[in-house]
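Have a look at the structure below, then the notes.
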Amino acid sequence: MTMPHSVEPAHYPQNTVVNYRNSGRKLPTMLAIQNLHIEFGPRVIFKNLSFTVHAKERIAFAGHNGAGKSTLMKCIAGILKPNGGKLAKPKHCDIGYLPQEGIHIHGITLWDEVESAFAKTKALQKDIDTMSDKLHGLDPRSAPFSDLLNQIGELELILHDSDLGTIKPRMESVLTGLGFKRSDFTRDCGEFSGGWQMRIALAKLLLQQPAVLLLDEPTNHLDIDSQNWMESYLVNYPGAILIISHDLALLDMLTTRTMAFHHGRAEEYAGNYSFYVKESVLRKEIQLKLYKSQQREIKQTKDFINRFRATASKAKQVQSRIKQLEKIEVIELEEEDAVMSFKFPNPPASGQSVAALEKASKAYGKINIFQEFNFEVTRGERLAIVGPNGAGKSTFCRLITGQEEPDSGSHEFGHKAAVSFFSQNHADELDPEITVLECAESAASRENAPLARNLLGCFLFRGDDVFKKIGVLSGGERSRVALVCMLLRPANFLILDEPTNHLDIQSQEVLQNALQDYPGSYMIVSHNRSFLDPIVTKTLEFRQGHPPRTFAGNITYYLEKIEEEKNASKKTASAKPTTSKQSVPGVNRKEQRKIEAEQRKLRNGVLKPLQKELVELEKNIAEYEAAQAALTTHMSAPEISGDADQMQQSSSAFQALGEKLEKTFSRWEEVTSEIEKLEKKLG
């Protein structure tokens, strides 16, 4: 029985990747995974897994949580040793790996830690310099001279793509792109939180530029600005990229090949995630048709055997059919994952106004977060909250939910408003001694308690997983339990802070579908565009030093508007007054040259020094603002805000910065005004 070339036969060895790509010219192979076998106790994760990675490829690992994606990535990175098989790569192919979590660096400044990415490059240059010095003492006609010259040539060939002179600007570009301020460069790495620690590791990895880059959920700890920067960086990355991500927009934008892991098998798709989703449906349909056709043929063969088994004249034909039946490679259909769904219980009806801030101001010491901020959440509103870390998103969430009072102004809930708030911190507050199911049932109302088991299944707690103690769960698992507990509480106003960070794509879809049908109001802090775009209708942006702004559209609309603003700003900045030589009516050529000489003198002697001073003033303003932002973060920490002495010291430092900033701004305005007058005069 023959099968079409594009469909994987059922007898393929478990975990052998089936190549569905059209044949064509291939790039050099950077990695070859051959017959990889991985097991944990009785559980076999991979068996006879084989595939290759070519130079500059962008490959996505797809599949539900627990399918083995991270395990495979750790094996490729050399962190886990497989039970069998091997990994082959060229001699000079280096592999870089960014895990999901678990990185903590301390005892070294941010700048020095990231600069260590160039340790090999600097060592290589040092070796070349040492050899070059030795070369001067050798006879150019001697064999040692020739040998040493060849060694230098080989090292310079390796060093060819590394420009030591660009190290500093490259470091600054990557660090600022990932959201670090220049004032952070001299801070000890140990002062940064877990999310920022991951950014440090990512910065170092990107600067190392390994030939094969392994990224496991790289966007989990990035805000929307840093994510946009990273996406642009990865598009132009010179090496191969293997990525695990639940951000579908990132996968669709970046990847050109997808490896899907499902029930202990791996299949290859020559396209991005959206292509994989569509193509996998077609493959299943073809497989089903082949299965039905084969079953009909098997039935016909068995019917013939049973009918003529006792007929002597048909004995030869019967034996032939029996042998034919034994040789058939039976097609087996995969067991489909149960389709999970969740629907919010009808929440209590609220008034038209759900929650409101009126002229709300909030400050930590001398640091203003909001000033006379007015905002209202109305019934049925669907809002995304975006902005860089530290810009005020979390403070706003605490104020609008009444967890924290504004320093001035007012907060008010609307008629019958019922709030439910999910934040990453809630995972740490769960009782470690109770089971997952007990935790969910205790959080639910009497009406919602029967939904607990189904909802846990939607978020990857299935079978005996619900009887695990909270204390044995990973950070991501505890976060999912906290999310389930929040969703089981009856509420008409939901606030979700990064709800998709620890959800696989199937669980994201469950939550997304439930929110689409949810009749209440919600606000979601997230950078996950593919999750947010279909379910939000308004975007609230927070940026340091600027009042919050509202955009009447989803994340894609918001990003388009921001891009338009940037382009408009660039056009304004590039529109300089003309400096071409223009004749003055009624003036002869001699007088014209005299006027032009005076203009040059004015431009070179007065305008240029003012322009230089303006650049320096803007640099100082940026540094003072960065220092203020760092102090804001410092003073918001409980150990600081609760200590009167430290709070006083920090407030004094902030006030001093404010005075410097005010003086600098005053001078900036004076210089700007003088430059404008001169440029107008010069025409």
Inset, instruction - Enumerate the pairs (first residue in the range 21-39 and modelled with pLDDT under 85; second residue anywhere and small (Gly, Ala, Ser)) with beta-carbon separation below 7 Å, excluding pairs fewer than 6 apart on the same chain, so at least 6 apart or on different chains. - result: 21/270; 27/55; 28/55
Legend entry - Residue among 452, 418, 444 that alone is under 27 Å from residue 394 (Cα atoms) and buried (at least 19 other Cβ atoms within 10 Å of the Cβ): 444
Inset, instruction - Working only within the range 37-53, note down all residues that are surrounded by 15 or more Cβ atoms within 10 Å (Cβ to Cβ), of a type outside the set (S, T, N, Q) and out of contact with any Cys (no Cβ under 7 Å at 6 or more places or on another chain). - result: 37, 44, 45, 46, 47, 49, 51, 53
Legend entry - Wholly within the range 55-136, strands (runs of 3 or more DSSP E) carrying at least 2 residues that are loosely packed, with under 15 Cβ neighbours inside 10 Å and modelled with pLDDT under 90: 84-88
Inset, instruction - Could you grab the pairs with beta carbons closer than 6 Å, sequence gap of 6+ or different chains, first residue in the range 160-184 and within 12 Å of residue 208 (Cα to Cα), second one at pLDDT 90 or above? - result: 171/114; 174/203; 174/206; 174/207
Legend entry - Residue match in the range 239-248 (condition: part of a strand (DSSP E or B), over 16 Å from residue 69 (Cα atoms) and of a type outside the set (Phe, Trp, Tyr)): yes
Inset, instruction - Identify, from the list 597, 552, 568, the residue that is modelled with pLDDT of 90 or more, over 23 Å from the mean Cα position of the chain (by Cα) and surrounded by 10 or more Cβ atoms within 10 Å (Cβ to Cβ). - result: 552
Inset, instruction - Run down 134, 89, 56 and say which single residue is on the phi > 0 side of the Ramachandran plot and not polar (S, T, N, Q). - result: 56
Inset, instruction - Could you tell me which of the residues 360, 356 is surrounded by 19 or more Cβ atoms within 10 Å (Cβ to Cβ), hydrophobic (A, V, I, L, M, F, W, C) and part of a strand (DSSP E or B)? - result: 360
Inset, instruction - From (1) surrounded by fewer than 14 Cβ atoms within 10 Å (Cβ to Cβ); (2) touching a strand residue (DSSP E or B) at 6+ places or on another chain (Cβ under 6 Å), pick out the condition that doesn't hold for residue 154. - result: (2)
Legend entry - Single condition residue 558 does not satisfy, out of (1) surrounded by fewer than 20 Cβ atoms within 10 Å (Cβ to Cβ); (2) in contact with a Phe, Trp or Tyr (Cβ under 9 Å, 6 or more places away or on another chain): (1)
Legend entry - Qualifying residues in the range 471-506 (those that are buried (at least 23 other Cβ atoms within 10 Å of the Cβ) and either hydroxyl-bearing (Ser, Thr, Tyr) or not assigned by TED's automatic domain parsing to the domain that holds residue 385 (or both)) - the one nearest to the chain's Cα centre (by Cα): 500
Legend entry - Selection count, the range 185-226, where residues are touching a residue at least 60 places away in the same chain (Cβ under 8 Å), outside any helix (DSSP H, G or I) and among the small types (Gly, Ala, Ser): 1
Inset, instruction - Quick one: residue 271 ticks every box in (1) within 22 Å of residue 29 (Cα to Cα); (2) in contact (Cβ under 8 Å) with a residue 24 or more places away in the chain except a single one, so which number is it? - result: (2)
Inset, instruction - Hey, can you tell me all the residues within the range 403-423 that are among the small types (Gly, Ala, Ser) and more than 12 Å from residue 495 (Cα to Cα)? - result: 408, 409, 410, 414, 417
Legend entry - Count of residues meeting criterion [assigned to a loop (DSSP other than H, G, I, E, B), farther than 22 Å from residue 462 by Cβ and modelled with pLDDT of 85 or more] in the range 472-505: 3
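The values are calculated or read from the model by the stated rules, or taken from the named source; none is laboratory data. Small disclaimer: the values here were computed from a predicted structure and weren't measured. Glycine gets a Cβ as well: all are built from the backbone with ideal geometry, and neighbour counts include every protein chain shown.
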